Amino acid sequence: MLGGTALVVGGLAWVLRKLIDQFFNNKIEKFKYELEKENTKFRITYERLHLERAEIIKETYKKIVLTFDLFRSYVNPLQLVGEKPENEKKKEAGLAYNEFYKFYDENRIFFDESLAAKIDKLREALWDAWIKFQLSRDLREGSHRDGHDEWMQAWTKVDNEVPLIRNEIEAEFRKIIGIE
């Protein structure tokens with residue numbers, strides 16, 4: 001009788017243990033499913049954000065290159081025969097700068113502070129070159145002085161300083177998109 005009771009208690013304990021295991025296994029499976037669902041949702045959101053950031057980097061870089069090329073052509077002391085007139089170059093460079101700045105300003109949130117500071121530095125260097133070149137033009141047209149010094153300052157900034165900043169930005173962009 002004692003053996004039969006022990007057998008019944010042991011059987012009940014075994015059944016109870018199996019029920020508890022099954023209960024917790026169901027809870028664990030449900031938790032795993034919910035966790036996997038959240039992970040998938042997060043991964044999709046992250047991938048979409050990374051793709052959007054890559055597109056913004058690409059577009060920002062294109063605008064930097066265009067603006068730099070147009071500024072370089074505009075302030076270059078060596079203007080070749082057959083090139084666009086200065087007033088047309090001025091308009092193109094100004095529009096490119098404004099488009100670059102507007103796009104960058106609207107998407108600045110996608111860049112960490114260090115990279116944003118470099119882009120700001122590039123933008124400021126271009127703006128400074130623009131101001132110096134406009135001053136040189138005003139001095140040349142007003143015939144107070146020849147404006148040569150201001151022109152050379154603008155050219156030096158565009159030809160020497162801006163490319164260095166641009167190289168720093170390019171290196172950061174490459175890191176972000178996984179090209180080193």
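Please list, by residue number, every one of the trypsin sites (Lys or Arg not before Pro) in the range 125-180 that is coil in DSSP and has at most 13 other beta-carbon atoms within 10 Å. Walk me through the intermediate numbers first.
Details: sites: Lys132, Arg137, Arg140, Arg145, Lys157, Arg166, Arg174, Lys175; in loops: Arg145.
For trypsin sites (Lys or Arg not before Pro) across the range 125-180 that sit outside H, G, I, E and B with at most 13 neighbouring Cβ atoms in 10 Å, the list reads Arg145.
Out of [x] 1, 8, 15, 16, 13, 11, 10, 9, 7, 5, 3, 1, 0, 0; [y] 1, 8, 18, 21, 19, 14, 9, 5, 2, 1, 1, 0; [z] 1, 7, 11, 13, 11, 9, 7, 6, 4, 3, 3, 3, 3, 3, 3, 3, 2, 2, 2, 1, 1, 1, 0, 0, 0, which label holds the value of P(r) over Cα pairs in 5 Å bins from 0, in percent that was computed here?
[z]
With a cut-off of 8 Å between alpha carbons and a minimum separation of six or more residues, what is the relative contact order of the range 21-180 in percent? Mind showing how you got there, number by number?
Numbers: 98 pairs, mean separation 38.2, N = 160.
Value for the range 21-180: 24 percent.
For the chain, what is the mean residue ellipticity at 222 nm derived from helices alone (per DSSP H run of n ≥ 4: -39500 (n - 2.57); sum divided by total residues; nearest 500 deg cm²/dmol)?
Details: 5 runs with 151 residues, N = 180.
Value at 222 nm, helices only: -30500 deg cm²/dmol.
Once you charge only the Cβ atoms, +1 for Lys and Arg and -1 for Asp and Glu, what is the size of the charge dipole of the range 54-177 about its Cα centre, to the nearest 20 debye? Let's see the in-between values first.
Values: 21 positive and 25 negative charges, 36 e Å.
That gives the range 54-177 a dipole magnitude of about 180 debye.
Between Lys84, Lys102, Lys32, find the one with the highest GNM mean-square fluctuation for the chain; connect C-alpha pairs within less than 10 Å.
Lys32
In the chain, if the dipole is taken from +1 on Lys/Arg beta carbons and -1 on Asp/Glu beta carbons about the Cα centre, which of Val15, Ala117, Pro77 is farthest to the positive end?
Val15
In terms of the ratio Rg/(2.2 N^0.38 Å) built on C-alpha atoms, what value belongs to the range 78-180? Before the final figure, lay out the partial values.
Details: Rg = 16.2 Å, N = 103, 2.2 N^0.38 = 12.8 Å.
In units of the 2.2 N^0.38 Å rule of thumb, it is 1.27.
Bear in mind these aren't lab numbers, they're just calculated from the coordinates by the rules spelled out. Everything quoted here is computed from the prediction, not taken from an experiment. Using ideal geometry, Cβ is built from the backbone for each residue, glycine included, and neighbour counts are taken over all protein chains shown.
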